[in-house]
1. So HIS133 ticks every box in (1) touching a strand residue (DSSP E or B) at 6+ places or on another chain (Cβ under 9 Å); (2) more than 30 Å from GLY91 (Cβ to Cβ) but one. Which box is left unticked?
2. Look through the range 151-175, keep the residues that are farther than 17 Å from TYR102 by Cβ and among the β-branched types (Val, Ile, Thr), and return whichever of them is nearest to the chain's Cα centre (by Cα).
3. Restricting to the range 146-184, name every residue that is surrounded by fewer than 16 Cβ atoms within 10 Å (Cβ to Cβ), touching a Gly at 6+ places or on another chain (Cβ under 7 Å) and of a type in the set (D, E, K, R).
4. Output yes when any residue across the range 134-142 is in the same structural domain as VAL176 (by TED's automatic domain parsing), within 27 Å of ASP177 (Cα to Cα) and outside any loop (DSSP other than H, G, I, E, B), and no when none is.
5. Go over the candidates ALA127, ALA147 one by one and state the one that is aliphatic (A, V, I, L, M), over 19 Å from GLY91 (Cβ atoms) and outside any strand (DSSP E or B).
6. Which ones in the range 106-135 are more than 36 Å from the chain's Cα centre (by Cα) and free of Cβ contacts under 8 Å to residues at least 12 places away in the same chain?
7. Being touching a Pro at 6+ places or on another chain (Cβ under 8 Å) and among the β-branched types (Val, Ile, Thr) is the filter here, so list the residues in the range 151-172 that pass it.
Amino acid sequence: MRGNGAVSLQPDHISRSSRSGERERMPRADCEMLTRPPGPVVPSAPRPSRDQLRASARHIRMIRCHVAAISAILALCVSGSALAEEAVRCGNRLALPGYSAYEVRSLCGEPDAVSRSFVQRAITAPAACWTRHYEWVCGSSTDFIVAVEVEDWTYDFGRNQFIRILRFENGRLVRVDTGGYGLKALP
């Protein structure tokens, strides 16, 4: 590298190798001209004190806490509205999807109307797989037709509330729909 114009710094002077291999000595002031970037010298910004760094770190932590709290509140609002659409409020208790017909009846009382039907559904069973001579072999999947008992319970909670229609499949609450305003007058 020295033969290709490399520069080496020494305490009071600089020596530079030229292509011919001669060493050339230059005063230290010229050395600074070689190492300093061109253009005006811009003073660097003063370093912040420890107190300023601590205050900015506290500020960042506070902002992160606020963002986390706002995110949690928004998540609860969204999940709460989704929960309200999928549940039925009976007094001060909720009947949620997955509850049995017995649990819903004990929470909400007898429904105002019940309709029962059977629906046939095709279910595809996964194929069985096994190994044969270090290779996976899978059989064909099987389709079954299954009869599902469907019950629709209707609850009319009065003229100031919406009618709620609860769908049960094989005795489990699977969906809650909302109808129009109720028709019956409550005492």
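1. Failing condition for HIS133: (1).
2. If we take residues in the range 151-175 being farther than 17 Å from TYR102 by Cβ and among the β-branched types (Val, Ile, Thr), then ILE165 is nearest to the chain's Cα centre (by Cα).
3. Hits for the range 146-184 are ARG159, ARG172, LYS184.
4. no
5. One residue alone meets the criteria, ALA127.
6. SER106, GLU110, TRP130, THR131, ARG132, HIS133, TYR134, GLU135
7. THR154
This table checks each residue for (1) within 30 Å of ASP156 (Cα to Cα); (2) at pLDDT below 70.
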{"residue": "ARG64", "(1), (2)": "no, no"}
{"residue": "ALA68", "(1), (2)": "no, yes"}
{"residue": "ALA72", "(1), (2)": "no, yes"}
{"residue": "SER79", "(1), (2)": "yes, yes"}
{"residue": "ARG89", "(1), (2)": "yes, no"}
{"residue": "LEU94", "(1), (2)": "yes, no"}
{"residue": "GLY98", "(1), (2)": "yes, no"}
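The values are calculated or read from the model by the stated rules, or taken from the named source; none is laboratory data. As the structure is a computational prediction, the values presented were derived from the model and not from experiment. When we count neighbours, we look across all protein chains shown, and the Cβ atoms used for this are built from the backbone with ideal geometry, even at glycine.
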